[in-house]
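The values are calculated or read from the model by the stated rules, or taken from the named source; none is laboratory data. Here the structure is a predicted model, which is why all the values come from computation and not from measurement. In this analysis, Cβ positions are derived from the backbone assuming ideal geometry, glycine residues included, and neighbour counts consider all displayed protein chains.
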Amino acid sequence: MKIKLIWIAGITLIGLFMIGMLAAMPRFSNADSSLSPVSAGDIIKTYQNALLGPLNKAASEVKDPEISVFSQNLIKSYELETVGSGGAANTEMSDLVPDIARIQKTALNTTLKEAGKQLKDKDLSDFYHSFITKCGVDK
């Protein structure tokens, strides 16, 4: 009995799917092809705005001027504005993916370097800079 119910449910789902496809056929055949196609350049520009928009908005909402400048410099160092900048003809799909490893490394390194700029004691500053260099910052 259970097997018959499973078969009936499966056939019903397939039937509903087929009815939906048949109902959509007139819309596919009457699709308006007179619309101008979207250029690859427009797609790349939209993609870049999607990458940079939230980061720039977050950086602009920071009230502390030092943190705001730091955030803006950090965003610029990610070089996201160059993602997909090979031009429409030269851009591969892999060019549209930011280098996540480089972004993570830049975020870590920039934070450590900026923290070192706040040290006033020369001995402590020298120690800190040699320490972060040995840890692999900027390598």
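Descriptive notes on the structure:
- The set of residues in the stretch 48-75 that are assigned to a helix (DSSP H, G or I) and surrounded by 14 or more Cβ atoms within 10 Å (Cβ to Cβ) comprises Q48, L51, L52, L55, N56, A59, S68, F70, S71, Q72, L74, I75.
- Lone unmet requirement of (1) of a type in the set (A, V, I, L, M, F, W, C); (2) modelled with pLDDT of 75 or more; (3) surrounded by 13 or more Cβ atoms within 10 Å (Cβ to Cβ); (4) under 13 Å from the mean Cα position of the chain (by Cα) for A101: (3)
- Any hit, the stretch 120-129, residues being among the polar types (S, T, N, Q) and modelled with pLDDT under 80: no
- Any hit, the stretch 35-42, residues being loosely packed, with under 10 Cβ neighbours inside 10 Å, at pLDDT below 75 and hydroxyl-bearing (S, T, Y): yes
- Sole exception among (1) at pLDDT below 80; (2) basic (K, R); (3) surrounded by 12 or more Cβ atoms within 10 Å (Cβ to Cβ) for K139, by number: (3)
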